[in-house]
Amino acid sequence: MLIFIGKRLIYMLLTMFAISLILFLVMEINGEAVARRVLGPFTSAEQIQAWLQANGYLRPWYVRYVEWLGNVLSGDFGQSVRFRTPVADVLWPRLGNTAILAGATFAIMVPLALTLGVLAGMREGSRTDRSITVASVISTSIPEFASAVLLTVIFSTWLGWLPGTSAMSDGWNPVELVLPVMVLVLYGFGYIARMTRASMAEVMQQLYIRTAVLKGLPYREVILRHALRNAMIAPFTVIMLQINWLLSGVIVVEVAFAYKGFGSLILEAALNQDVYLLEAATLVAVLVAVSTQMLADIGYTLLNPRIRFK
Amino acid sequence: MVQDVGAKAVTPPERRRSLLRTLFGGIGLLRESTIGMVGFGLILFWVLVALFAPLIAPVSPTATLQPFAPPGTVTASGETLWLGADQLGRDVLSRVIYGSRTVLFYAPVATFCAYFIGCIFGLLAGYLGGWVDDLLNRIADIILAFPVLVLYVVIIVLIGPSGLNIILAVTFASAPGIMRIVRGLTLDLRNRDYIAAAQTSGASLPWILFAELLPNARGPLIVDACLRMGYVIITIGVLGFLGLGLPPPTPDWGSMVAESRAMITFAPWMAVVPAIAISSLVLGFNLLADGLREISLRD
Amino acid sequence: MRSRSDLFPDWSPDQPVLECEGVCVSYFTRAGEIPAVLDFDLKVMQGEAVGLVGESGCGKSTVAMAIMRYLGRNGGIPRGRVLYKGRDMAELTPEELRQLRGSEIAMIYQEPMASLNPSLTLGRQLMEVPLNHEKSVTEKEAYERSVQMLADVKLPDPERVMSAYPHQISGGQQQRVVIAMALLSQPSLLLLDEPTTALDVTVEAGIVDLIGEIAARFNTSMIYISHNLGLILETCDRISVMYSGVVVEEGSVEQVFDRMRHPYTRGLFDCIPLPGADKQARPLIPIGGQLPLPHQRPRGCYFGPRCDFFQAGRCDVPPIPMEPVTDQPGHRSRCIRWDEIDWDAPRQAAAVAETLDEGDVILRIDGLRKYYEVRDNSLAALVSGKRVRHVKANERISFDAREGQTVAIVGESGCGKSTFAKILMGLETASDGGVAFQGEDFADKPVQKRSADEVASMQMVFQNPFDTLNPSHTIGSQLGRVVRKFGDYKDRREVRQRVLELLDLVKLPREFARRRPRQLSGGQKQRVGIARAFAGNPKMVVADEPVSALDVSVAAAVTRLLTDIQRNHRTTLLFISHDLSLVRYLADRVVVMYLGHIVEQGTTDEVFSPPYHPYTEALLSAVPIADTSVEKKRIILEGQLPSVLDPPKGCPFHTRCHRKIGQVCETEVPPVIEDAAGHLIACHIPLGELREIAPVIAEKQVAAE
């Protein structure tokens, strides 16, 4: 087991290394392009040359890569062009904001989706099953930007219950989180619920469930002891992978509600050609995604005795 | 081996193949699933709208008539703006109708490209195994390590927003996922006796991949393709919404929502109509996928 | 919770434990009601074992599920009653039914692996039974009783099994756990649904033995469901034969086996190969036609269309009731002509294939080895440095096959017979040794490097009928492809003609060329598989368990077809099988394999009579024989099949051998001793001693009548 975890760790580091290299190459191999992005489109050739000289861009790429990697590992991502401050100063607070948003989303979405999924899968084809299935299909079909618009119109414009933006301009206000969380939960829960339902329905058809029933166990016992545990293995992986998906979702939602988080930061960096900020943000996003992937793998192994004791 | 009679013992009626019949047969089968039919209906609706856009649209999607006209307004020149007009005075209904052309062109093309690449590599990885499999999997791991939208953002920033680039980005980002699915199906199929039979009769690699393996993986792949279409439609919408999509003035549902977001308090129709349009189309594909899966599980 | 006698106040042990009266079971589908079982009667007394026998689809498992009242969402019992200890099961409350299940009526299943929960320890799954059925039981008592029961079903090291997960023990052990689970509450009725079908034959013998012992010890009533008549003979007192959802004959085992009064029962016996009999003396007679589908049953007698004694106007007029066989109490038959048929008339024996004179050696295997590398990533392996281990799939295989000969390779799962087939076919290459086919070396020649002629001259028939044909292509196109590949037929018409000829060859209608595999039955698919193998006029055909997944009546027909074609074409047939009875019928030579080694080889008669290798002896004794007139030695092999990853040193069989002579078996590889020319045995026991062993199968001394 330790060896397995160690292996996953090494593999994760290798993946991160490969991604950092690729990212560096596509972003910075052409020094002049970097200079143009940093200095703006109307810079003269001499200025660019001077900038390249000053920032060491005339050295071969691998030397620059090693130096860059060293800096990144020590937390120095360079200067943001747009914010005129070190990248780290903008990045971390923004990431914290997003963590709050994502945490709130998960806290609501996961229990909701699992409960609905189990209820639906327990009796395949029943009325409960059908309504939950249809509801989750509809919810996954509405893109976040569409549901953001629809929910804003309903709750903000018509009913006036909730604020339509979440810029937190008058200080931190949890009420402003409600709409963004609602949008993310709406789009995300359907997928987990469907996976849970499928997994549960499959487990309920297994022969060992028949064995449990014909052993004379009460229905509750059959569900809780025999079905649930096996049915939770697949959704667990899905939930962990949802973190990866959530990193995409927050971009849309934060833009839609003007929330100052990590997602809107990436987009700002991209639209403003802010090379260093974009590099840093991408690396962080990938790191989060890859580590959840690793946790998903390890958790899957722990949950599944067939793999655990090989 | 010993299986008692149940519902499954009913043999399917004999059907002869011709392309047209298969198509109609498929739709006939779909009749058994209400959800599938609803999904198919939604898709068919939008396909017809896209095909006959010039006939249906009351006015040109780029004509400027009366800015911020609410739904039902009759303009000075006598046109009724059933769903209102936008900030430039363009008819929202006509723009949504033309917008279906954009999405129903780019989404299928992008999905097809992604499938083309994904199937080839998935078949190779699953069937050959060994270092080919390892290499392809490592590459897929790296691409899949990016949160999807981050990947799109990075790609579009690098190559710039345009129709072709959207197709490229979607292909690049979705092909690894498709490859994984095809690989999984291939792993399951490659140990079947009929594959061994083909091998022992000296069949070539392309024959085994495309004539023996791929047709038997088609069921789950068609279902996945429907889901993926829905997802690609969302992606194209999101890119438009974030300002990374097609350049204006192409009518595009995502950018229509984005442009009108600021005006949502006094002109909600501008954003709501395209939002509903894209949701219904995605819903169509998702429902169709569900219906197809339901039917395939029955047989 | 009430005690058991409260549930059944009126019952006394001289009344039937279970009574089924005219039970009908139906599944309700979109296509309407599909009757699976019709008019089913059964009476089981205390301590009695009743066998339910029939081919797949006859409704025998459905009966068990109906008794348990577990028919799923779309199943139901529209007519008839099931009385358990005098109470109608339909009138039990859900809570009473729950108490009944697992405590009064327990079940043992066909697939032990799938029937155990993979993520709970076996101990937990066992303890649940007493904990849920008896209020006063504590965790500790439940644990102790479970351990005791595991010891009772002869599992070594019960404590370890208690803390293990299902996948950590072998299939045979899993089935013992399932049996222990069923017995924990000492049920009055035990339902066994094909309990040994998924197991190897030597493991099966142990389980069957155990079941017999239990029944005697606890005085439990049993309903034993099986497709294997031999097993029923060994385990049951009474038997019901089912066909297409109805019981066609019932009676005591002796009545039904020796004085059957239904044409289907007789047909069934005629297609079972008996290892005691010779193929010349008792040829297999397949039943023509096919089992009708539940919604396409014929009017009147369901067996009518396949019956030799069918009389229009009588047999096709319902109702066809069960009629008592007058001179035999308790014997009933669902045949209105049972009184008219001359049951002692000799069957028209189909022409027996004459033995072919031996041709030249066409295949020579010489010291073949096949090792697979397995990487071990466990901590222990890292420390000891033994990262790479070898699976010895084949070890020093040597034998010859001649033109026109049928050579059978016999062995249980894991003996390396399928690996060997793969090497022959060029799907794998040998690690060492030679494979000479028509003088060409095939050992290192994968199929890609073989010429078209070489590929055509060696072809294969596969095991699983549901897998052998590509579901996406028509029969015609699949055959046509092979024809084009192997023949000189370039013209489309010629190819088509050849495809039709091939269909004729395997006795399938020509219109099958346009069909797809899913429209064919298992037997028909297997015939297409045979046609495909013979498309290029091969010199040799390798058949890997070609009929093991088919029902007996179909298997007999497919086997006949295969051997007929082979004889007519003078093709060499390498027949891989685990079924000794079948092998006796069709093989000229037999090669017995165990854990990758050949332990014995010789002509069929030599292998089936002493001197035996101890493994051959055990294998022979384990085969259930559906013949009341023979007697056989019972040899139950101890222990489990060793892992190929870690094969025993010395003789591979020494860990389970009942004739082990001592240290030498564990340390030295046994010598190959020659009994007669070509009859080779790999054993340390001197030939003289082996020769003195009595035959495993013998005629019973006391004549039946």
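Residue C:233 sits with roughly 40 Å² accessible to a 1.4 Å probe, with DNA, RNA and ligands left out of the calculation.
Interface area, chains A and B: about 3600 Å² of buried accessible surface, summed, with a 1.4 Å probe and ligands, DNA and RNA left out.
Once backbone amide H atoms are built at 1.01 Å from N, residue C:673 has C:681, C:682, C:683 as its partners under 5 Å, excluding neighbours fewer than 5 places away on the same chain. Normalised by the number of residues in chain B, the mean separation of alpha-carbon contacts (under 8 Å, six or more apart) gives a relative contact order of 25 percent. Counting only residues at least eight positions apart within a chain, or on another chain, the lysines with an alpha carbon under 17 Å from that of residue C:485 are C:449, C:539.
Relative contact order of segment C:573-647, taken over Cα pairs closer than 8 Å and 6 or more residues apart, is 21 percent.
Karplus-based coupling profile of segment C:149-159, in residue order and whole Hz: 5, 5, 5, 5, 8, 6, 8, x, 6, x, 4, with θ = phi - 60° in 6.51 cos²θ - 1.76 cosθ + 1.60 and x standing for Gly or Pro.
For segment C:419-506, which trypsin sites (Lys or Arg not before Pro) are both in a DSSP coil and crowded by at most 10 other Cβ atoms within 10 Å? Passing sites in segment C:419-506 are C:490. Its alpha carbons give segment B:32-112 an Rg and a Dmax of 15.3, 50 Å. Each residue of segment C:656-667 was assigned a 3J(HN,Hα) from its phi angle through the Karplus curve 6.51 cos²θ - 1.76 cosθ + 1.60 (θ = phi - 60°); the sequence is 10, 5, 8, 10, 4, 9, x, 3, 4, 5, 7, 9 Hz, with glycine and proline shown as x. How would segment B:18-298 be classified by its alpha-carbon gyration tensor: rounded, prolate or oblate, with rounded meaning a/c under 1.5 and the a/b versus b/c comparison settling the rest? Cα axes put segment B:18-298 in the prolate bin. Per residue of peptide A:246-253, the mean number of Cβ atoms on other chains within 10 Å of the residue Cβ is 5. With a ≥ b ≥ c taken as the square roots of the eigenvalues of the C-alpha gyration tensor of segment C:81-206, please select rounded if a/c is under 1.5 and otherwise prolate if a/b is larger than b/c or oblate if it is not? Oblate.
Evaluated over the Cα positions of segment B:61-159, the convex hull gives a direction-averaged projected area, one quarter of its surface, of 9.1 nm². Relative to the dominant Cα principal axis of chain B, helix B:19-30 is inclined by about 80°. Taking the inverse of the mean reciprocal distance over all distinct Cα pairs, the Kirkwood hydrodynamic radius of chain C comes to 27.7 Å. I need the calculated FRET efficiency for the pair residue C:646 and residue C:218, taking r as the beta carbon distance and R₀ as 45 Å, to the nearest 0.05. Efficiency for this residue pair is about 0.75.
Once the dipole of segment B:18-298 is set up with Lys and Arg at +1 and Asp and Glu at -1 on Cβ about the Cα centre, which of B:130, B:162, B:232 lies farthest towards its positive end? The residue sitting most towards the positive pole is B:130.
Ranking A:40, A:17, C:374 by Cα position along the charge dipole of the protein assembly as shown, where only Lys, Arg, Asp and Glu carry charges on their C-beta atoms, puts A:40 farthest toward the positive end. Taking a ≥ b ≥ c as the square roots of the eigenvalues of the Cα gyration tensor of segment C:567-705, is the shape rounded (a/c under 1.5), prolate (a/b larger than b/c) or oblate? Oblate shape, in that a/c is at least 1.5 and b/c is the bigger or equal ratio.
Counting Cβ atoms of other protein chains within 10 Å of each Cβ in C:286-292 and taking the mean gives 0. For segment C:27-96, trypsin sites (Lys or Arg not before Pro) meeting the loop criterion (DSSP other than H, G, I, E, B) and having at most 10 other Cβ atoms within 10 Å: C:30.
Distance from the alpha carbon centroid of segment C:588-643 to that of segment C:408-453 works out to 25 angstrom.
Evaluated at 25 °C with a viscosity of 0.890 mPa s, what Stokes-Einstein diffusion coefficient in µm²/s does segment C:3-140 have when Rh comes from the Kirkwood expression over alpha-carbon pairs? This corresponds to a translational diffusion coefficient of 145 µm²/s.
Ranking C:29, A:91, B:245 by Cα position along the charge dipole of the protein assembly as shown, where only Lys, Arg, Asp and Glu carry charges on their C-beta atoms, puts B:245 farthest toward the positive end. For the segment C:574-585, counting C-beta atoms of other chains within 10 Å of every residue's C-beta and taking the mean gives 0. Under 5 Å from the amide H of residue C:164 lie the amide H atoms of C:122, C:123, each residue being 5 or more positions distant or on a separate chain, with H modelled from the backbone and absent for Pro and chain starts. Note on residue C:638 and residue B:135: with the Förster distance fixed at 45 Å, the Cβ-Cβ geometry gives a FRET efficiency of about 0.40. Heavy-atom accessible area with a 1.4 Å probe sorts C:84, B:98, largest first, into B:98, C:84. Building the convex hull from the alpha-carbon atoms of chain A and averaging its projection over directions returns 20.9 nm². Using the 1.4 Å probe convention, the accessible area of segment B:18-298 works out to 40 Å² per residue with neighbouring protein chains retained. Rg/Rh, computed from the Cα trace of the protein assembly as shown with Rh as the Kirkwood radius, has the value 1.01.
The calculated P(r) of segment A:10-82, using every Cα pair and 5 Å bins from 0, goes 3, 15, 23, 26, 17, 9, 5, 2, 1, 0 in percent.
Could you list, in their original order, any pairs among C:392/C:649; C:370/C:649; C:370/C:525; C:633/C:660; C:154/C:632; C:445/C:490 whose Cα atoms are separated by more than 21 Å? Correct reply: C:370/C:525; C:154/C:632; C:445/C:490.
Couplings for segment A:117-127, taken from phi via the Karplus curve 6.51 cos²θ - 1.76 cosθ + 1.60 with θ = phi - 60°, read x, 5, 4, 5, x, 4, 10, 5, x, 6, 5 Hz in order; Gly and Pro are left as x.
Between segment A:5-83 and segment C:474-541, the alpha-carbon centres lie 64 Å apart. Would you give the gap between the C-alpha center of segment C:46-90 and the C-alpha center of segment A:202-253, rounded to a whole Å? Value for the Cα centre distance between the two parts: 32 Å.
Each stretch of four or more DSSP H residues adds -39500 (n - 2.57); spread over every residue of the protein assembly as shown, this sum gives -15500 deg cm²/dmol at 222 nm.
About its Cα centre, segment A:41-114 has a charge dipole of approximately 100 debye under the convention of +1 per Lys or Arg Cβ and -1 per Asp or Glu Cβ, with nothing else charged. Each principal axis of segment A:189-254 carries a Cα extent, and these read 53, 17, 15 Å when sorted largest first. For residue C:242, the residues whose modelled amide H falls within less than 5 Å of its own, excluding neighbours fewer than 5 places apart on the same chain, are C:53, C:54, C:248. Straight-line reach from residue C:85: taking Cα to Cα under 23 Å and skipping same-chain neighbours fewer than 8 places apart, the lysines in range are A:215, C:43, C:60, C:135.
The values are calculated or read from the model by the stated rules, or taken from the named source; none is laboratory data. Since we're looking at a predicted model, the values are computed, not measured. We place every Cβ from the backbone using ideal geometry, glycine too, and count neighbours over all the protein chains shown. The protein model used for the area step is the full one, side chains on, heavy atoms only, and it has no ligands, DNA or RNA in it. Shrake-Rupley method; radii C 1.70, N 1.55, O 1.52, S 1.80 Å.
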